[in-house]
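Asks: Below is the structure I would like to discuss, written out as C-alpha cells.
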Amino acid sequence: MLDLRFIRENSEVVRDALKKRGYDDSVVDELLKLDADRREKIKRVEELRNRRNVVSRQIGQMKKEGRDITPLQEEMKRVSDEIKALDDDLRRTNESIRDHLLNIPNIPHPSVPVGEDEEDNVEVRRWGEPPEFEFQPLNHWDIAETLDIVDFQRAAKIAGARFALMKGAGAKLERALINFMLDHNTSKGYREVFPPLLVNRDSMIGTGQLPKFSIELFRTVDPELYLIPTAEVPVTNIHRDEILQEEQLPLYYTAYTPCFRREAGSYGKDTRGLIRQHQFNKVELVKFTKPENSYDELESLTRDAEEILQKLELPYRVVVLCTGDLGFAASKTYDIEVWMPGQGRYREISSCSNFEDYQARRANIRFRRKGQKGTEFVHTLNGSGLAIGRTVVAILENYQQKDGSVVIPEALRPYMGVDVIR
RNA sequence: GGAGAGGUGGCCGAGUGGUUUAAGGCAGCCGCCUGCUAAGCGGUUGUGGGGGUAAAACCCCACCGAGGGUUCGAAUCCCUCCCUCUCCGCCA
C-alpha cells in the first residue's frame, strides 16, 4: 500500500507508475478528492469532540456543586448526535480510501525497464551452458513415468488435475532438495522457520494477495482461512504490527512449505508435468531490512538463490522484470530461469523481489532508529530459494542419460544416498 | 466440544461512571549529589492522526484485545467477536 500523504504530494509520480504498469490512473484523482474530504471531516469532528470533552468535565464539576446542568446536557446531546453522524460519514470515507489504496500497485524502481509483458523483460546475466545431448532429450514427465517416480494418473484420481504423486526416488528427490536448500540457506545466515500453512485474512492483506487476488487462493470455509500460495505470506507476517529495534535488522528467514495455488486463468498452460501444480513445495527466502540497504539486499538475496543452481550445476539466466510484468506489490523483481532441455528454453524457478515499504505499510511492520523519535517502515524482500518441483524438473531433464536413467548432481548425493536414479 | 478465569503503556500492576481523560513500581534516558559500589534526589519516556510553523515550538483528537451500544461523560455498564490460560472430553 502506498502512503496517502505520498500520493497527495507526488500524484504525478503515482500516475506515471500506474501507466507504466498498464493500469488506469484515474484512481489518483478519486483518491485526492477523498483525501481532501476526509481531512475536512476530521477537522470538524475533532472540534466537536473537543467541545464535548470540555463541557463534560464542566458538567461533572457543576453536578458536584449541585447546580442545574440540564441545558448543558441537552446541548451536549445534540453535539454527540452530530459527532456520531460525522463519524459514520468519516468511516465510510476511510473505508473507501483504503479500498482504493489496497488496489493500487507498488511503484516500480527507476532501474526497472519499461515494458508491456514478459517479452520486454531484460536478461542481466547467464551462468552455465545448456548441455548437449547425443540423443533427443525427453520431457521430464516421460522420464519420470518411465522411472516410475511420479504418478500423474493416480494423483488425478486422488485429487484431480494439477496434482502429482511422487514415488520412490521421486519422493526422496523432493525431500533431498528441501534439505539441501535449507542447509544452503541457513549457512548463508537465514534463520529456518516452519510456519502455519493456513493463514487468516489479515495476513493475506498484509503481503498483498488480498483483496485483489482472491481468485488465486484456496480457502477453507469454517473457520475462514486461506492456504498459503507461498511462504512469503506467513513469514513476512511474522512481524506484522511490530516495531523492531534498529539493531535487529536485517532479519533473514528461510522456510520450506508446501504452496497452494488455484491457477485460475492458466487453463491450458503447462497442463502436463510438474511445472504448474495446485500444490508444490518451495523453499523461500525472506528479508526485513532498513530502507537504505534494501537494494543491496535484493542483489545478495538473488545471488544466494543463484548459488543453489550453481551447486547443482544447472544452467540458468537472470532477467529483470519489466514494468508490465512486475508483480503487484513489488518494486523490482529478478526472475531466475533455469534451462529445461525438454522444452528447449529457460523457465522461471525463482522470483526475487524488493517490496520496499509496500508490504510493511500494509502489514504495519516498523522499526525505530537508535536515539531517534518516531518509527519508519522496514523494507521487505523475498525470493524462492528455490521452487522444489521445478528443480526436480530441471534435474530430470538436464541430467537424463541415453538409457533413461538420471544422474544425481554431486552436491545432492549426500542427501539422496544414490548417484543415479534408474 | 463442555466448564471456568483473564486480556490495561517496554515490563509488572492499580483502577467497576466525572481532579486517574491511566495511580504506583520496574526498566530506559537525562541531570544533580555522594570519594565506595545493583546507594540517594529531581526530571523525562509510547503510537497514529488533524491543525500550526520556513522548520521547530505549540494546540487538538484518538488509542486500556477488536467492533458495536447505553450515557452529557465509558478502561469502568451492556452486546457480539478474537485471543490467552486452567480443568474435563476427544485426538496425531
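Asks: Sort A:110-123, A:10-23 for me by packing, meaning the mean count of neighbouring Cβ atoms within 10 Å per residue, highest on top. Working shown, then result.
Replies: Working: A:110-123: 13.5, A:10-23: 16.2.
By packing density, highest mean first, the sequence is A:10-23, A:110-123.
Asks: Moving on. Given an 8 Å cut-off on Cα distances and at least 6 residues of separation, report the relative contact order of segment A:118-421 as a percent. Mind dumping the intermediate values first?
Replies: Details: 635 pairs, mean separation 73.4, N = 304.
Result for segment A:118-421 is 24 percent.
Asks: Would you work out if segment A:4-102 is rounded, prolate or oblate? Take a ≥ b ≥ c from the square roots of the eigenvalues of the alpha-carbon gyration tensor; rounded if a/c is under 1.5, else prolate when a/b is larger than b/c, oblate otherwise. Walk me through the numbers before you get to the answer.
Replies: Values: a/c = 5.59, a/b = 3.94, b/c = 1.42.
Note, shape of segment A:4-102 comes out prolate.
Asks: Let me ask something else about it. Quick one: work out Rg over Rh on the C-alpha atoms of chain A, Rh as Kirkwood radius.
Replies: 1.10
Asks: Further, regarding this structure: Measure nothing fancy, just the Cα-based angle from helix A:11-20's long axis to the longest principal axis of chain A, in degrees from 0 to 90, nearest 10.
Replies: 30
Asks: Follow-up. On C-alpha positions alone, give me the angle between the axis of helix A:70-102 and the longest principal axis of chain A, in degrees, nearest 10.
Replies: The two axes meet at around 20 degrees.
Asks: Once every Cα of segment A:259-415 carries one equal point scatterer and solvent is ignored, give the base-10 log of I(q)/I(0) from the Debye formula at q = 0.11, 0.18, 0.19 Å⁻¹, two decimals.
Replies: For segment A:259-415 at q = 0.11, 0.18, 0.19 Å⁻¹, log10 I(q)/I(0) is -0.52, -1.14, -1.23.
Asks: Could you order the peptides A:341-352, A:236-247 from most to least packed, using the average number of other C-beta atoms within 10 Å per residue? Show your work: numbers first, answer last.
Replies: Working: A:341-352: 19.7, A:236-247: 16.2.
The densest-packed peptide leads the list: A:341-352, A:236-247.
Asks: Which of these, A:83, A:228, A:308, has the largest mean-square fluctuation under a Gaussian network model of chain A (Cα springs below 10 Å)?
Replies: A:83
Asks: I would also like to ask the following. What is the local net charge at residue A:246, summed over the other residues whose Cβ is closer than 9 Å to its Cβ (Lys, Arg +1; Asp, Glu -1)?
Replies: Values: positive: A:290, A:368, A:369, A:370; negative: A:247.
Residues near residue A:246 contribute +3 overall.
Asks: If you take every DSSP beta bridge fully contained in chain A, what fraction is antiparallel? Give it as a percent rounded to 5. Don't skip to the answer; put the middle values down first.
Replies: Working: 50 of 57 bridges.
Counting DSSP beta bridges with both partners in chain A, the antiparallel share is about 90 percent.
Asks: Rounded, prolate or oblate for segment A:253-296? Axes are the square roots of the Cα gyration tensor eigenvalues, ordered a ≥ b ≥ c, and the cut-off for rounded is a/c under 1.5.
Replies: On the way: a/c = 3.57, a/b = 2.27, b/c = 1.57.
Judged from the Cα gyration tensor, segment A:253-296 comes out prolate (a/c at least 1.5, a/b above b/c).
Asks: Karplus couplings for segment A:252-257 from phi (6.51 cos²θ - 1.76 cosθ + 1.60, θ = phi - 60°), rounded to Hz, Gly and Pro as x?
Replies: Result, ordered by residue: 10, 10, 10, 9, 8, 8 Hz.
Asks: Hey, what angle do you get for helix A:26-64 against the long axis of chain A, alpha-carbon based, 0 to 90 degrees rounded to 10?
Replies: Orientation of helix A:26-64: about 40 degrees from the principal axis.
Asks: Check residue A:420: other-chain or 5+ apart residues with amide H under 5 Å from its amide H, H built from backbone geometry?
Replies: Sorted by chain and number, the residues that satisfy this are A:408.
Asks: Using the Cβ atoms and a cut-off under 9 Å, what net charge is assigned to the surroundings of residue A:229, where Lys and Arg are +1 and Asp and Glu are -1? All intermediate terms of the calculation are to be shown ahead of the outcome.
Replies: Numbers: positive: A:261, A:262; negative: A:216, A:232.
It works out to a net charge of 0.
Asks: Which pairs break 26 Å Cα to Cα here: A:43/A:77; A:157/A:282; A:41/A:332; A:41/A:290; A:290/A:332?
Replies: Working: A:43/A:77 20 Å; A:157/A:282 24 Å; A:41/A:332 37 Å; A:41/A:290 35 Å; A:290/A:332 16 Å.
Correct reply: A:41/A:332; A:41/A:290.
Asks: Filter the chymotrypsin sites (Phe, Trp or Tyr not before Pro) in segment A:244-332 to those in DSSP coil with at most 12 other Cβ atoms within 10 Å of their Cβ, and list the result. Walk me through the numbers before you get to the answer.
Replies: Details: sites: A:252, A:253, A:256, A:260, A:267, A:280, A:288, A:295, A:316, A:328; in loops: A:267, A:328.
Sites meeting the loop and neighbour criteria: A:267.
Asks: Provide the descending list of Cα extents for segment A:67-208 along its principal axes, expressed in whole angstroms.
Replies: Result for segment A:67-208: principal-axis Cα extents of 101, 42, 35 Å.
Asks: If you average the alpha carbon positions of segment A:318-354 and of segment A:39-79, how far apart do those two centres end up, in angstrom?
Replies: Comparing the Cα centres of segment A:318-354 and segment A:39-79, I get a distance of 61 Å.
Asks: A further question on this structure: Where the centre of each part is set by its Cα atoms, how far does segment A:379-417 sit from segment A:197-235, in angstrom?
Replies: Centre-to-centre distance over Cα atoms comes out at 28 Å.
Each reported figure results from applying straightforward, stated rules to the coordinates on display, with no laboratory input. Keep in mind that what you see is a predicted model, and the values were worked out from it rather than measured. Please note: Cβ atoms are built from the backbone with ideal geometry, for glycine as well, and neighbour counts cover all protein chains shown.
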